[in-house]
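This report concerns only the one structure given below.
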Amino acid sequence: MAINLRELALKEERLVSGHRLCAGCGASIVVRMVLNAIDEPVVVANATGCLEVATTIFPFNSWNVPWIHSAFENAAATIAGVEAAYRALKKKGEIDREIRFISFSGDGGTYDIGLQALSGAVERGHRAVFICYNNEAYMNTGIQRSSATPRGTFTTTSPAGKVVPGKPQRRKNLTEMMVANGARYVAQASPSHWRDLMEKVRKAVNTDGPAFLNIYSTCPRGWRTPDNSAISIARLAVETGVWPLYEVEDGKYKINYKPPKGFKPVEEFLKVQGRFAHLLKPENAHILEEIKKDIEAEWKRLLSMEEATNK
């Protein structure tokens, strides 16, 4: 079903105002888009992290849906259990309506600490949507690097100095891990391309099996960016090839955004963020070249996968 802006504007908000997320936080934008894209009733499990902490400061709660706080490592297991109970009750005839199940975790609670619960839930085939709001570090606990942190990033545990110019490793490709894990629908999305994001959410919730969405989520505090730059930076990530938009449905790849005139220089993305300021210095030119090679290699891989899986 096509996304209709007029209908969206009339929908009741499922993440309401009053939360304590930072001004310009990408997570609240992502969650609003996700929940507004879904027409059916939803149940949400939320791992410990920025989103959970800032939306549920006792005695207040910004969630206008059934919501469960899970520990850092087990949001996927929690929502899998709820979905299993729902299927059992539906089989007994005690529930007769369609309900959708979603887990929200940051990259720390998805790429790292929660990976085992996520992998298990996907392997067992639970019909739920597992969403990573990916701000590329452990922002809630002090901006420490995670395995989602890009190469060269300054964090409190990968500080840029004379010896090490930020995080030395490239980020883990969790999106591809979920494809290999057997998720029926997998996609990368960005709030800068809202229609693409919301259409992917609708595909995910209507998938008869596990679905995984890796959604780019800007963080002014951790990325050292202005509060009003969330969408512009997310758009630059897409337009420079840093964050390709694509989906994998039953093993078939589809790239959702191909720049008509080629990608913009990655420097345009890096120069507007304090976490990358050191990469633009002459002594770190070799790291910048590695980043460009990473982007080129991933793009070539996606193009080849799209061609190979759609013959």
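The values are calculated or read from the model by the stated rules, or taken from the named source; none is laboratory data. Note that the coordinates shown come from a computational prediction; the quantities given were computed from them, not determined experimentally. Here the Cβ positions follow ideal geometry from the backbone for every residue, glycine too, while neighbour counts run over all protein chains shown. To get the accessible areas, we keep the full protein, side chains included, count just its heavy atoms, and leave off ligands, DNA and RNA. Shrake-Rupley method; radii C 1.70, N 1.55, O 1.52, S 1.80 Å.
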What are the residues in region 253-283 that are part of a helix (DSSP H, G or I), more than 21 Å from the chain's Cα centre (by Cα) and either of a type in the set (A, V, I, L, M, F, W, C) or surrounded by fewer than 18 Cβ atoms within 10 Å (Cβ to Cβ) (or both), if any? E267, E268, G274, A277, L279, L280, P282, E283
Could you say which residue among V43, V65 is farther than 17 Å from L197 by Cα and not in a loop (DSSP other than H, G, I, E, B)? V43
Looking at region 41-70 only, could you name the residues that are aromatic (F, W, Y) and buried (at least 17 other Cβ atoms within 10 Å of the Cβ)? W63, W67
Kindly evaluate D107 against the criterion of being buried (at least 24 other Cβ atoms within 10 Å of the Cβ), under 21 Å from M177 (Cβ atoms) and among the charged types (D, E, K, R). yes
Over region 227-279, the set of residues of a type in the set (A, V, I, L, M) and under 25 Å from K300 (Cβ atoms) is I233, A234, L236, A237, V238, V242, L245, V248, I255, V266, L270, L279
Could you figure out which of (1) over 18 Å from H193 (Cα atoms); (2) of a type in the set (D, E); (3) not in a loop (DSSP other than H, G, I, E, B) isn't true of D227? (3)
How many residues are closer than 29 Å to A77 by Cβ, within 18 Å of the chain's Cα centre (by Cα) and part of a loop (DSSP other than H, G, I, E, B) if we restrict to region 1-40? 5
Pull up region 16-40, narrow it to residues that are open to solvent by 10 Å² or more (accessible area, probe 1.4 Å) and touching a Leu at 6+ places or on another chain (Cβ under 8 Å), then point me to the one that is farthest from L197 (Cα to Cα). L21
